[in-house]
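Trainee: For reference, the structure I am asking about is given below.
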Amino acid sequence: MKIKIKPYRALPCALETFTINGIHADLNEFGSMNDEGSEYAGNYACGDMRFTKYDEPLEGLLKKYNITREEYDEICEELDRKLCVGSCGWCI
């Protein structure tokens, strides 16, 4: 499996590059970005922004990217590492 994940420098909760086996990938097929600390954030900021994976791959996803279930989990772990932003005020 070949995977490339690169967040934007000035928007660390979004991906500039996300490919799997040479195919442009969509973050929303693997999970979502959630602010788990919004009560601590100011206006237009995030308190604890992080990636949350789906428990199960969407139907047809493994075939689309030619990956196994284990590789799906590896991709989600890497997304979690790269998109664990925490507190952020870039959107202010």
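The values are calculated or read from the model by the stated rules, or taken from the named source; none is laboratory data. None of the values given here were measured: they were computed from a predicted structure. Virtual Cβ from ideal backbone geometry, glycine too; neighbours counted across all protein chains shown.
Trainee: Go through the residues of region 36-52 one by one and say whether even a single one is at pLDDT 95 or above and either crowded, with 17+ Cβ neighbours inside 10 Å or under 11 Å from the mean Cα position of the chain (by Cα) (or both).
Mentor: No, region 36-52 contains no residue that is at pLDDT 95 or above and either crowded, with 17+ Cβ neighbours inside 10 Å or under 11 Å from the mean Cα position of the chain (by Cα) (or both).
Trainee: Where residues in region 1-28 are in contact with a Leu (Cβ under 9 Å, 6 or more places away or on another chain) and surrounded by 15 or more Cβ atoms within 10 Å (Cβ to Cβ), which of them is modelled with the lowest pLDDT?
Mentor: Going through region 1-28, the residues in contact with a Leu (Cβ under 9 Å, 6 or more places away or on another chain) turn out to be 5-8, 12-15, 18, 25, 27.
Now restrict to residues that are surrounded by 15 or more Cβ atoms within 10 Å (Cβ to Cβ): 5, 7, 12-13, 15, 18, 25, 27.
Numbers: I5: 97, P7: 94, P12: 87, C13: 84, L15: 95, F18: 98, A25: 98, L27: 96.
Per the stated criteria, the residue is C13.
Trainee: Could you check region 56-89 and list, in sequence order, the residues that are surrounded by fewer than 16 Cβ atoms within 10 Å (Cβ to Cβ) and either at pLDDT below 95 or part of a strand (DSSP E or B) (or both)?
Mentor: Scanning region 56-89 gives D80, R81, K82, C84, G86, S87, G89.
Trainee: What are the pairs with Cβ atoms under 9 angstrom where one residue, in region 81-92, is within 16 Å of F18 (Cα to Cα) and the other, located anywhere, is part of a loop (DSSP other than H, G, I, E, B)? Sequence gap at least six, or different chains.
Mentor: Pairs that qualify, where the first residue is within 16 Å of F18 (Cα to Cα) and the partner is part of a loop (DSSP other than H, G, I, E, B), are K82/P12; L83/P12; L83/C13; L83/A14.
Trainee: For region 1-17, which residues satisfy the criterion of being in contact with an Asp or Glu (Cβ under 7 Å, 6 or more places away or on another chain) and in a strand (DSSP E or B)?
Mentor: Matches in region 1-17: I3, I5, K6, P7.
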